[in-house]
Amino acid sequence: MLIFLDTANMEEIRQAARLGVVSGITTNPSLVAKERAGDYRAVVREIASIIPGPISAEVLNLETAQGIVRDAREVASWAPNVVVKIPITAAGLEAASALAREGVRTNLTLCFSANQALLAARVGAAYVSPFVGRLDDAGHDGMAVVADIVEIYKRYSFPTQVIAASIRHPMHCVAAAKAGADISTVPYKVLRQMIEHPLTDVGIARFAQDWEQVSAALASRAAL
Ligand code: G3P
């Protein structure tokens with residue numbers, strides 16, 4: 001399973017890129033707005049220049065399929081690795097289907113059911129993003145939806161990749177990997193939580209302490 005970072009924060013993206021574990025970025029209008037960055041295009045282009053993998057950038061014009069297609073063509077032109085994120089609605093599906101015929105890669109987002117994911121695969125989306133945390137918040141089993149989508153895609157050999165999104169904690173990531181998701185897109189905070197373990201810190205401190213004792217003993221023996 002690949003790890004994407006779910007953020008529009010440049011500092012987080014740069015830090016994560018240095019770790020070498022992040023294969024792509026997902027953003028959404030809320031994440032971009034949080035950064036108070038005025039120029040959407042400039043933000044997406046900068047992210048795309050830092051991370052060579054797929055960068056999901058969402059369309060903002062959702063009125064009609066034609067409007068989404070126009071917006072998507074514009075967003076896709078910003079960098080070669082940009083994937084256009086489109087919410088799953090009737091207009092979104094119509095637009096995604098037209099865009100697939102033009103070779104524009106899409107990530108169908110705000111997916112909350114296996115049926116929505118089935119339709120995303122049928123229109124030729126490159127990715128589908130089930131929102132695990134928001135399903136859990138609403139009293140559903142978000143990861144069960146991911147597992148259903150993975151099973152259906154496997155049974156019919158759909159090439160659409162499953163991005164487990166709306167990941168809230170490290171165990172979501174483990175569960176997504178076990179469910180067979182292709183990708184988990186995680187907030188920076190969760191990535192840090194995945195790295196850290198208190199026993200790793202305890203182990204490092206103990207190794208250092210033991211090493212210091214042995215070095216001191218060797219040094220005093222050499223002095224005799
Ligand atoms: O990738 C989707 C994600 O940004 C939504 O996360 O935490 O707002 O549900 P959240």
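The values are calculated or read from the model by the stated rules, or taken from the named source; none is laboratory data. Quick caveat, the model's predicted, so the values are computed rather than measured. Ideal geometry is used to build each Cβ from the backbone, glycine not excepted, and the neighbour counts take in all protein chains shown.
A few points about this structure:
- Exclusive hit being in contact with a Pro (Cβ under 9 Å, 6 or more places away or on another chain) and of a type in the set (Ser, Thr, Tyr), set Ser166, Ser129: Ser166
- Considering only residues in segment 1-34 that are within 13 Å of the ligand (Cβ to nearest atom) and loosely packed, with under 15 Cβ neighbours inside 10 Å, the one that is nearest to Pro80 (Cα to Cα) turns out to be Pro29.
- Residue in segment 62-75 that is modelled with pLDDT under 95, surrounded by 15 or more Cβ atoms within 10 Å (Cβ to Cβ) and either at negative phi or touching a strand residue (DSSP E or B) at 6+ places or on another chain (Cβ under 9 Å) (or both) present: yes
- Residue satisfying all of: in segment 153-172; part of a helix (DSSP H, G or I) and free of Cβ contacts under 8 Å to residues at least 24 places away in the same chain; surrounded by the most Cβ atoms within 10 Å (Cβ to Cβ) among these: Met171
- Scope segment 38-65; condition in a helix (DSSP H, G or I) and either in contact (Cβ under 8 Å) with a residue 24 or more places away in the chain or of a type in the set (Ser, Thr, Tyr) (or both); matching residues: Tyr40, Arg41, Val43, Val44, Arg45, Glu46, Ile47, Ala48, Ser49, Ile50, Ala65
- Of all residues making up segment 48-61, the number that are more than 14 Å from the ligand (Cβ to nearest atom), closer than 18 Å to Val84 by Cβ and among the hydrophobic types (A, V, I, L, M, F, W, C): 4
- Residues that are exposed (fewer than 10 other Cβ atoms within 10 Å of the Cβ) and hydrophobic (A, V, I, L, M, F, W, C) were ranked within segment 215-224; the one that is nearest to the chain's Cα centre (by Cα) is Ala219.
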